[in-house]
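Trainee: I have a structure here, written as structure tokens, and I will follow up with some questions on it.
The values are calculated or read from the model by the stated rules, or taken from the named source; none is laboratory data. Source: prediction; values computed, not measured. All Cβ positions, glycine included, derive from the backbone under ideal geometry; neighbour counts span all protein chains shown.
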Amino acid sequence: MKRDCVLIALSLMIYTACSSTQPAAIPPPAPAPLVAAAEPQAAEEFVVTEEIFTRTFDEIEAFIDNLNEIIRKRNYEAWTSYLSEEYIRETSDQAFLQAQSETPVLKKSNIELASLQDYFEYVVVPSRSHAQVDDIEFIDEAHVKAISIINDTRGLLYLLVREDDSWLVGVW
């Protein structure tokens, strides 16, 4: 019995000794950096004066009014001139078009989008021909969200990008 107690005590001491040295043998993982590499560093807040806001809002309102007229006339060629290259590339992508084809409205109507022109005809024309900009949100001087308010709910109307001193519908 005394021998069993000694063996148990020795086992516990060895187990405890091994347990206490284990963290030293296998160092804990390094703590994660405070800012992940994929996340952008916190930039200074973009400040917009009332004058810049008003001027930009007026520019965007005129841009969207012109765009609406083009959409109402179903002028595909003119519509594409209001789009950034990136928007055209992403919206023309077959995976994007297939995903849009799976939306309830298009699926119910058995519409399969195969091209950017199909997207224009079946998605843009019915949904954007009477769009109205009610507010804008600056991301920076070249990126602005056009906001529409419907039934007291703010909704994203367009992501706009300024390229070569002109506004274009973009993605970012």
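Trainee: Which residues, taken from the range 107-122, are under 10 Å from residue 92 (Cβ atoms), touching a residue at least 24 places away in the same chain (Cβ under 8 Å) and of a type outside the set (A, V, I, L, M)?
Mentor: 117, 119
Trainee: Take residue 133 and decide whether it is touching a strand residue (DSSP E or B) at 6+ places or on another chain (Cβ under 9 Å), in a loop (DSSP other than H, G, I, E, B) and touching a residue at least 60 places away in the same chain (Cβ under 8 Å).
Mentor: Criteria met by residue 133.
Trainee: Does at least one position in the range 108-116 carry a residue that is in contact with a helix residue (DSSP H, G or I) (Cβ under 8 Å, 6 or more places away or on another chain), within 20 Å of residue 160 (Cβ to Cβ), at pLDDT 95 or above and buried (at least 16 other Cβ atoms within 10 Å of the Cβ)?
Mentor: Yes: one or more hits.
Trainee: Looking at 154, 128, 89, which is the one that is surrounded by 13 or more Cβ atoms within 10 Å (Cβ to Cβ), closer than 30 Å to residue 50 by Cβ, without any contact (Cβ under 8 Å) to a residue 60 or more places away in the chain and out of contact with any Asp or Glu (no Cβ under 6 Å at 6 or more places or on another chain)?
Mentor: Answer to the check: 154.
Trainee: Does residue 146 satisfy the condition of being touching a residue at least 24 places away in the same chain (Cβ under 8 Å) and surrounded by 12 or more Cβ atoms within 10 Å (Cβ to Cβ)?
Mentor: yes
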